[in-house]
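Worksheet for the structure shown next.
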Amino acid sequence: MIPGLLAAIAVFSYLLGGLNGAIIASKYVFHRDVRDYGSGNAGLTNFFRTFGAPGLAIVIGTDVLKTVIAVVAGGLIMGTQGAASTGQVFAGFCVMLGHIYPVFYGFRGGKGFACLGGVVLAHSAKVFLLMLALAVLIGFLSNYIAISTVSMSVIWPVYYGSTTGNWAGAAILAIPFVPIFIKHMENF
């Protein structure tokens, strides 16, 4: 039964993750594809550098909301207590994977930072604000958004595992570090 539940979570979350806020906003607000400009990435930073502030609410709202929906759905399917909360974490991982490598857009998506924020927000609004403040501080001190993003993809799983005791879930949350790091290599 558990493999079937995990498969349902994986498919739902991955497909939901493929609904990319930057692509949707660029195509329906500006009638252009954000991936044709700047870095060619379908993420928040490239969207902002290309189109400015108009449409940012759509990008952030879509990417964070789809992640929260996936994580909540994972909790509804597998439960939210103890080891069952791994369903929530697995949903968060799958939605990030769908965001970074979306089947709908030729596997050319974003870099996963807004989705990572959505996973944290689904866990706790207070922790989300703490992690956001830390990400801003790291970005400010390093003067590189990429360092902030990659750092948070390491800090969040460690924080999650140490505060929940769910190290299996923390291990799942650590997996997106690899594609997030690969997607940001050009920024270093």
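The figures follow:
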read-out: Listed peptides 87-98, 157-168 by packing density, highest first (mean Cβ within 10 Å); value: 87-98, 157-168
read-out: Difference of contour (0.36 nm per residue) and Cα-Cα distance, Arg108 to Thr163; value: 16.4 nm
read-out: Calculated from backbone phi, Karplus (6.51, -1.76, 1.60) coupling profile of the range 96-102 in Hz, x at Gly/Pro; value: 5, 4, x, 5, 6, 10, x
read-out: Ser124 long-range amide H proximity, modeled H, under 5 Å; value: none
read-out: Alpha-carbon radius of gyration plus Dmax, which is the widest Cα pair, for the range 60-135 in Å; value: 12.4, 37
read-out: Count of Lys pairs (Cα-Cα under 19 Å; at least 8 positions apart or interchain) in the chain; value: 4
read-out: Relative contact order for the range 15-143, counting Cα pairs under 8 Å that sit 6 or more residues apart, in percent; value: 28
read-out: Mean projection area, nm², convex hull over Cα of the range 1-96; value: 6.3
read-out: Low-density loop positions, trypsin sites (Lys or Arg not before Pro), the range 1-69 - DSSP coil, at most 15 other Cβ in 10 Å; value: Arg32
read-out: Convex hull (Cα only) mean projected area of the chain, reported in nm² to one decimal; value: 9.9
read-out: Under 9 Å, Cβ to Cβ, from Ile100 - net charge with Lys/Arg +1 and Asp/Glu -1; value: +2
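Every number here is computed from the coordinates shown, using simple stated rules; none is lab data. Just so it is clear, the model here is predicted, and its values are computed rather than measured. Ideal geometry is used to build each Cβ from the backbone, glycine not excepted, and the neighbour counts take in all protein chains shown.
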